[in-house]
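Okay, structure first, notes after.
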Amino acid sequence: VECSNAAEALEAAGAGADIVLLDNLPPQELHSAAAQIKAVHPGVTVEASGGVVLGTLPQFLGPHIDVVSMGCLTHSAPALDFALRV
């Protein structure tokens, strides 16, 4: 379930969500929310997403974050110009 704050994530986990995606949270708020979720629902997978790029990736890693999604790997990947001649 995609959540934009800790309260939404706790509600989703309490309703039975196996995975909560914390989207577009600043790193400090993200880690606080993830710790709250894991304290109450330790079996829930916590995913961080939104605004994560290679340069900021270390800020999103932490003991309560299980998965980090990086959309930049697909929507911002550089193009490669090549040809296949048969």
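When the chain is treated as a Gaussian network with alpha carbon springs shorter than 10 Å, the biggest mean-square fluctuation among ALA15, ALA35, ALA48 belongs to ALA15. Can you figure out the FRET efficiency of ILE19 with ARG85, using R₀ = 30 Å and their beta-carbon distance, to the nearest 0.05? Approximately 0.10, to the nearest 0.05. When only alpha carbons of the chain are considered, Rg and Dmax amount to 16.0, 59 Å. With the full set of protein chains in place, find how many percent of the accessible area of the chain is carbon and sulfur; take the probe as 1.4 Å. C and S fraction of accessible area: 58 percent. Potential lengthening of the chain between ASP66 and VAL40 amounts to 7.8 nm, from the contour at 0.36 nm per residue minus the alpha-carbon distance.
The values are calculated or read from the model by the stated rules, or taken from the named source; none is laboratory data. Just so we're clear, the structure is a prediction, and the values are computed from it rather than from any experiment. Neighbour counts are summed over all protein chains in view; Cβ atoms, including those assigned to glycine, are modelled from backbone coordinates with ideal geometry. Surface areas here come from the heavy atoms of the whole protein model, side chains and all, with no ligands, DNA or RNA. Shrake-Rupley method; radii C 1.70, N 1.55, O 1.52, S 1.80 Å.
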